[in-house]
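Peer 1: Attaching a single structure in structure tokens format; questions to follow.
Just so you know, all these numbers are worked out from the coordinates, no wet-lab data involved. Predicted model, so just to flag it, every value in this text is computed and none were measured. Cβ sites come from the backbone with ideal geometry, for glycine too, and all protein chains shown count toward neighbours.
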């Protein structure tokens, strides 16, 4: 992909900056390219949220509490504290779903408008599994490449031992 | 002088335990990788047929294989443990009695049972997933604080990996 001039030179156009999406779209327009940028934008939002978590608005917070309410009715107070402590972590983990969902659908149940991430999906374990599904293929490629290097080295050693030039 | 020697010794011991100085055994890694490639496909086939029990037995047998030391060997091992644990957790999600057995498995996979500290590996999704599964098991046992720590480790590793992906595909 072609980058617009100076898109990486100034601090306010870094990938974590809120201007990043505008720069990306401008760059696409300059290059005359077309198509969805949802994948790139979703990853940028995820990283931005990981580095500097954004606060949930009242409506989103209410929505999360409503979804937690049935689980907490008979839960002792110390368990409730644990849930409160976990909410930011789980929200960040759930943000990982954005990457996966944005690839397959624009109507996947996650609303990331206005920079506020509202998780409507179950969070926790499923979010980590989604992250794994996203990251594993490239890791497997790396492992295969490393094994191939070792295999080639072994073959060379065996040939050398056999006296084959 | 003695202090210097002890310091050097500890440094080398630490590096060796981290897999940095592990004796290079490419033949072990190559043969293991070939074995795993075949066995993972067998597991895929069994799962496609709905034969979860045999898939679990196969993964459990793989778990008992001798595993080479080093970063690559650890990643391959964590991949097997992750798959085995995911299947076992999903198999009996409502049965609380199996969480204790699963905890032994996650601790074994992460090297928590043999050492005071977990194995040191470079960030990779297989280890991150295993930490997340460890958190899931701890959560199942009601150990919320320990579960939180495990989730944080998984998340920290995934952050690094996502950052790398972005740098690789700007």
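Peer 1: Just rank A:144, B:52, B:121, fewest to most, by other beta-carbon atoms within 10 angstrom.
Peer 2: A:144, B:52, B:121
Peer 1: Starting from 0.36 nm per residue, how many nanometres of slack lie between residue B:97 and residue B:27 once their C-alpha separation is accounted for?
Peer 2: Once the chain is fully extended between residue B:97 and residue B:27, it gains 21.1 nm.
Peer 1: Continuing with this model, one more query. In nanometres, what is the gap between the two model label sites at residue B:49 and residue A:145, each 7 Å from Cα along Cα-to-Cβ?
Peer 2: Those two pseudo-labels are separated by 3.6 nm.
Peer 1: Moving on. Determine, for B:44, B:146, the number of other Cβ atoms within 10 Å of each Cβ, and report the residues in order from fewest to most.
Peer 2: The most exposed by this proxy come first: B:44, B:146.
Peer 1: Also: Report the gain in length on full extension from residue B:168 to residue B:149: 0.36 nm times residue separation, minus Cα-Cα distance, nm rounded to one decimal.
Peer 2: 3.9 nm
Peer 1: On to the next question. Provide the FRET efficiency to the nearest 0.05 for the residue B:108-residue A:58 pair, computing r from the beta carbons and using R0 = 35 Å.
Peer 2: E between residue B:108 and residue A:58, to the nearest 0.05, is 0.15.
Peer 1: Something else about it: Which order results if A:159, B:112 are arranged by neighbouring Cβ count within 10 Å, fewest first?
Peer 2: Lowest to highest Cβ neighbour count: A:159, B:112.
Peer 1: Obtain the radius of gyration and the Kirkwood radius of region B:45-170 from its C-alpha atoms and give Rg over Rh.
Peer 2: Result: Rg/Rh = 0.98.
Peer 1: How large are Rg and Dmax for region B:101-153 when calculated on the C-alpha trace, in angstrom?
Peer 2: 10.3, 29
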